[in-house]
Amino acid sequence: MKPIVRVTLLDLRTITPYGRQALVIAVLVMAITADRPQVVLPALILLAASVTAGYPFQISEKADLETLYAVLPLTRSSLLLGHYLSALATFAVYAVLGSLEAVICAHLRHVSFSGHEFAAALALSWALFALNIAVKFPLFIRFGYSQVGMLGTTIPIALVAVIASRAHLSVPSAAWLDLLAAGGLVLFGGSIAVTVAVDPRRLRRPGLAVRY
């Protein structure tokens, strides 16, 4: 567990310099969706959290951190799991920020934002975040960030557009919220399995041993 936590902390340290950029995005999202607090959290998660979660791959590629990872006492599985754990931490931070924004927007605009609506926004945000990560992380590992990095922008924008266009629909029932939450967990877990399977270092010839 300790190696996984170390990778997670390293990932989080690498994205810390982007904190100011994240705050700018948060302010923009709040300004655009101020009259619809139900949309604030999903929009922030997809426009900021899902993109920020991919930064460790971008930074790793630019700084050639794979060379460092290769000499550290880390198994490959610890490295990959650490990336996913840092993504969860990123989601948690943005979820708290987005929740506060949604409550503030509802208060300032005198718009109803019930506990059930908040739960719906959080469950939807989690499911869409998990879907985004489930698609991107295996691609980042298999092909490299420079080859598929645009997905980190196009997918969130497309999903936010869908959310905005469907925002008038009724809030889902409790059963649907449970399904969204469980679906997110399945996507996240499945993505980890796929990432391990397509890891190019694992697929190399037997002579290049990689510890899993």
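Within the stretch 65-73, at least one residue is assigned to a helix (DSSP H, G or I), free of Cβ contacts under 8 Å to residues at least 12 places away in the same chain and either touching a Lys or Arg at 6+ places or on another chain (Cβ under 6 Å) or of a type in the set (Val, Ile, Thr) (or both). Within the stretch 39-56, the set of residues being of a type outside the set (Val, Ile, Thr), in a helix (DSSP H, G or I) and buried (at least 24 other Cβ atoms within 10 Å of the Cβ) comprises 41, 42, 43, 44, 46, 48, 49, 50, 56. For the stretch 19-34, the count of residues that are outside any helix (DSSP H, G or I), over 17 Å from the mean Cα position of the chain (by Cα) and more than 30 Å from residue 200 (Cβ to Cβ) is at least one. Going by the conditions given, is residue 17 in contact (Cβ under 8 Å) with a residue 24 or more places away in the chain, exposed (fewer than 14 other Cβ atoms within 10 Å of the Cβ) and either on the phi > 0 side of the Ramachandran plot or not basic (Lys, Arg) (or both)? It is false that residue 17 is in contact (Cβ under 8 Å) with a residue 24 or more places away in the chain, exposed (fewer than 14 other Cβ atoms within 10 Å of the Cβ) and either on the phi > 0 side of the Ramachandran plot or not basic (Lys, Arg) (or both). In the stretch 94-106, the residues that are more than 22 Å from residue 18 (Cβ to Cβ) and in contact (Cβ under 8 Å) with a residue 40 or more places away in the chain reach residues that are part of a helix (DSSP H, G or I) and not hydrophobic (A, V, I, L, M, F, W, C) with C-beta atoms within less than 6 angstrom, at least six apart or across chains, in these pairs: 102/37; 105/37; 106/37. Taking the conditions (1) within 16 Å of residue 154 (Cα to Cα); (2) in contact with a Lys or Arg (Cβ under 7 Å, 6 or more places away or on another chain) in turn, residue 34 satisfies each one other than (1). Put simply, of 90, 75 the only residue that is of a type in the set (Val, Ile, Thr) and buried (at least 22 other Cβ atoms within 10 Å of the Cβ) is 90.
Okay, residues lined up against (1) modelled with pLDDT of 85 or more; (2) among the small types (Gly, Ala, Ser); (3) touching a strand residue (DSSP E or B) at 6+ places or on another chain (Cβ under 7 Å); (4) over 18 Å from residue 144 (Cα atoms):
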position: 11; (1), (2), (3), (4): yes, no, no, no
position: 31; (1), (2), (3), (4): no, yes, no, yes
position: 34; (1), (2), (3), (4): no, yes, no, yes
position: 54; (1), (2), (3), (4): yes, yes, no, no
position: 75; (1), (2), (3), (4): no, no, no, yes
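Any residue that is of a type outside the set (A, V, I, L, M), in contact with a Phe, Trp or Tyr (Cβ under 7 Å, 6 or more places away or on another chain) and at pLDDT 65 or above - is there at least one of those in the stretch 148-170? So far as the stretch 148-170 goes, no, none of its residues is of a type outside the set (A, V, I, L, M), in contact with a Phe, Trp or Tyr (Cβ under 7 Å, 6 or more places away or on another chain) and at pLDDT 65 or above. I'd like to check something: does the stretch 174-193 contain any residue that is outside any helix (DSSP H, G or I) and at pLDDT below 80? Scanning the stretch 174-193, I find no residue that is outside any helix (DSSP H, G or I) and at pLDDT below 80, so the answer is no.
The values are calculated or read from the model by the stated rules, or taken from the named source; none is laboratory data. All values reported here derive from a predicted model rather than from experimental measurement. Virtual Cβ from ideal backbone geometry, glycine too; neighbours counted across all protein chains shown.
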